[in-house]
Amino acid sequence: MNKAPILIAAAILGSFAVGGVGLVAMTHELTAERIAANEREAMLSKLKAIVPAERVANDPLEDSIKVSAPDLLGSAQTEVYRVRDQDEPVAVILQPVVPDGYAGPIRLLVSVLRDGSLGGVRVLEHHETPGLGDKIDEKKSDWIIEQFNGKSIGNPPLAAWQVKRDGGEFDQFTGATITPRSIVNAVKNTLLFVERAGDSLYDSAGPANQAEPEAPTAADEPATASGQLPGSGKVAEAG
């Protein structure tokens, strides 16, 4: 049996396989840097949308720390970006996780200005029900902008940091209460964390990756009407 044609065919197929792998690797190499750059610009754009843009003199993505306060921020570690105007602290922007969204965890971006008020809140990722809970996305409605901009602990009072259905001051959605309730609670807890962490979050003594500030806990928070601490569990209610 003449094996030459088989060997030639195998060699050709092998060449194509090697060439294909090489092409994929080269394409990845050429596009990975551009993809990373695009993702970076998109994140910077989100950050600058919730702080006074004219006062951003640093690169917040290069000036960040990680903190650990799962009781208040929803995950083992939370990224905190610091915004400065020269040496003057302007804001911190945190990425808390809402653990009790109706359809799963929700990732937020929360800006807290130096005076303790909210510069803005945005949703980075969610899986909420289309047409109901997804109204938390600013592309779907203005709810998250109208509810939080300029608010702080004390404005409204802490007890009013609930949706109106629970006796608070924040709007819920028709047919969907769990999602806005969870968002309001998470934003309130983020403000509590920033208030209790204090100046250590805004510290301008060095670049990113400084020692983490001592994490405040929810241990001394007032209980809700149900007896649970804020953020301690999911409410059993239809969205």
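The values are calculated or read from the model by the stated rules, or taken from the named source; none is laboratory data. All figures in this text were calculated on a predicted structure; none of them were measured in a lab. FYI the Cβ positions are ideal-geometry reconstructions off the backbone, even for glycines, and counts take in every protein chain you see. Protein only, heavy atoms only, side chains kept; ligands, DNA and RNA dropped before computing areas. Shrake-Rupley method; radii C 1.70, N 1.55, O 1.52, S 1.80 Å.
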State yes or no: is residue 104 out of contact with any strand residue (DSSP E or B) (no Cβ under 6 Å at 6 or more places or on another chain) and at positive phi? yes
For region 182-200, enumerate the residues that are hydroxyl-bearing (Ser, Thr, Tyr) and either touching an Asp or Glu at 6+ places or on another chain (Cβ under 8 Å) or not in a helix (DSSP H, G or I) (or both). 182, 200
Cβ pairs under 8 Å, 6+ apart, first in region 123-147 and over 12 Å from residue 102 (Cβ atoms), second open to solvent by 30 Å² or more (accessible area, probe 1.4 Å) and of a type in the set (Val, Ile, Thr): 138/145
In region 107-133, anything farther than 17 Å from residue 195 by Cα and of a type in the set (Ser, Thr, Tyr) is listed as 129
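If a residue has to be outside any strand (DSSP E or B) and either among the β-branched types (Val, Ile, Thr) or crowded, with 20+ Cβ neighbours inside 10 Å (or both) to count, how many in region 152-167 make the cut?
The qualifying residues number 3.
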Quick one: in region 63-121, of everything that is out of contact with any Asp or Glu (no Cβ under 9 Å at 6 or more places or on another chain), part of a loop (DSSP other than H, G, I, E, B) and among the hydrophobic types (A, V, I, L, M, F, W, C), which residue is surrounded by the fewest Cβ atoms within 10 Å (Cβ to Cβ)? 76
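Hey, among 185, 209, which residue is among the polar types (S, T, N, Q) and either farther than 20 Å from residue 94 by Cα or at pLDDT 95 or above (or both)?
Details: 209 fails: either farther than 20 Å from residue 94 by Cα or at pLDDT 95 or above (or both).
Answer to the selection: 185.
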Determine if region 171-181 includes at least one residue that is surrounded by fewer than 18 Cβ atoms within 10 Å (Cβ to Cβ), outside any loop (DSSP other than H, G, I, E, B) and among the aliphatic types (A, V, I, L, M). no
Please indicate, with yes or no, whether at least one residue in region 78-89 is in contact with a helix residue (DSSP H, G or I) (Cβ under 9 Å, 6 or more places away or on another chain) and either under 28 Å from residue 175 (Cα atoms) or of a type in the set (Gly, Ala, Ser) (or both). no
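Give me a count of the residues in region 122-145 that are outside any strand (DSSP E or B) and under 25 Å from residue 84 (Cα atoms). Quick ask: steps written out before the conclusion?
Going through region 122-145, the residues outside any strand (DSSP E or B) turn out to be 126-145.
With under 25 Å from residue 84 (Cα atoms) added as a condition, the list becomes 144-145.
Matching residues across region 122-145 total 2.
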